[in-house]
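Structure first, then comments.
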Amino acid sequence: MKAIVVREFGGPEVLKLEEIPTLRPAAGQVLVRIHAAGVNPYDTYMRNGTYAMKPPLPYTPGSDGAGVVEAIGEGMHKVKPGDRVYVAKTVTGAYAEYALALESQVHPLPAKITYAQGAGVWVPYGTAYHALYQATKARAGETILIHGASGGVGIAGVQIARALGLIVLGTAGTEKGLELVKREGAHHVFNHTKSGYLEEILKATSGIGVDLILEMLANVNLGQDLKLLAAHGRVVVIGSRGDVSISPRDLMTRRSSIHAFTLWGITEAEEKEIHAGLLAGLENGTLRPIVGKELPLAEAGRAHKEVLEPGAFGKIVLLS
């Protein structure tokens, strides 16, 4: 079988497509034929060796994927060979033709959802669901600003927030991205590459500010985010690539707050709730993963470069 293997931490060039021995499921494991794997920014940090979680070398990247159950080990009850599934974390890595996963890591993939879409479920939609439902308990009628709304997590946030009954404001850096964000449910969109867009956001709220902000690039935006908050507003830090300076008085005067989390720190009960919610949304059409680009598995290095570039548009997935 073919798989991407990382034998040393470094740049995208360390992602090598190799032929490795065929995997076999042990007791309690599922072997999934991976048709598509999702590429997430954290994959690049892990590959660099700078992420909080540093895997032992060599390793195959990827927590998100979708495909068909090929075989099961002893003691399996939840899935059977032939089932369409998406994976949320794996034992052996999703950037491969086949991956081993625990029974708790595989979940039903509705027939209306393609494998490429399924590869964009766990990290983007799990993150947005946790941020809105569990971390901040967003409520219908609140106003939310999603910074970087045209990327995987951003689109997930737009769809979930709109379904929850929030007034959705989204930013993107290209006209194509703005059109996507609007199409997926945002009431107002703003180009964050243009000067004056922060004033436009405040104007859209009649000067009151927003109740909630999903922030994908806190090292760039957090300081300004705090000035956009309404009284008792909160920011959820979902992504950051460096340090940032803020003025605590912006929090104090508004009695506002900053929340932050990693998806890897959620509890077992929270994860179970997330997957139940995601399955319902995928089945009823509320959640519609957007695939912006499909690349062959051999081009994982290119995917790792492009996932960090400005102008995000849906998910980048690797096909195997």
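What follows is calculated from the coordinates using simple rules that are stated; it is not laboratory data. Keep in mind the model is a prediction, meaning the values are calculated, not measured. Positions of Cβ are generated from backbone atoms using ideal geometry, with glycine treated the same way; all protein chains shown enter the neighbour counts.
Report for the chain the percent antiparallel among DSSP-assigned beta bridges with both residues inside it, nearest 5.
55 percent
What whole-number distance in Å separates the alpha-carbon centres of segment 94-127 and segment 225-274?
Centre-to-centre distance over Cα atoms comes out at 27 Å.
Using a Förster distance of 30 angstrom, determine the FRET efficiency expected from the C-beta separation of Arg7 and Leu102, and round it to 0.05. Walk me through the numbers before you get to the answer.
Details: r = 25 Å, r/R0 = 0.84.
So the FRET efficiency works out to roughly 0.75.
What FRET efficiency comes out for Lys16 versus Glu200 if R0 is 35 angstrom and r is the Cβ-Cβ distance? Round to the nearest 0.05.
The calculated FRET efficiency here is 0.15.
How do 80-88, 311-319 rank on mean C-beta neighbours within 10 Å, highest first?
311-319, 80-88
So which lysines pass the test for Lys182, namely a Cα distance under 19 Å, with those fewer than 8 places away in the same chain ruled out?
Hits, sequence-local ones excluded: Lys194, Lys203, Lys315.
What is the sum of charges around Ala27, taking Lys and Arg as +1, Asp and Glu as -1, for the other residues whose C-beta is under 15 Å from the C-beta of Ala27?
0
For an R0 of 51 angstrom, estimate the FRET efficiency from the Cβ-Cβ distance between Lys137 and Thr174 and round to the nearest 0.05.
Working from the Cβ atoms, E equals 0.95.
From the square roots a ≥ b ≥ c of the eigenvalues of the alpha-carbon gyration tensor of segment 124-264, which class results: rounded (a/c under 1.5), prolate (a/b over b/c), or oblate? Write out the running numbers ahead of the final one.
Working: a/c = 1.24, a/b = 1.12, b/c = 1.11.
Rounded.
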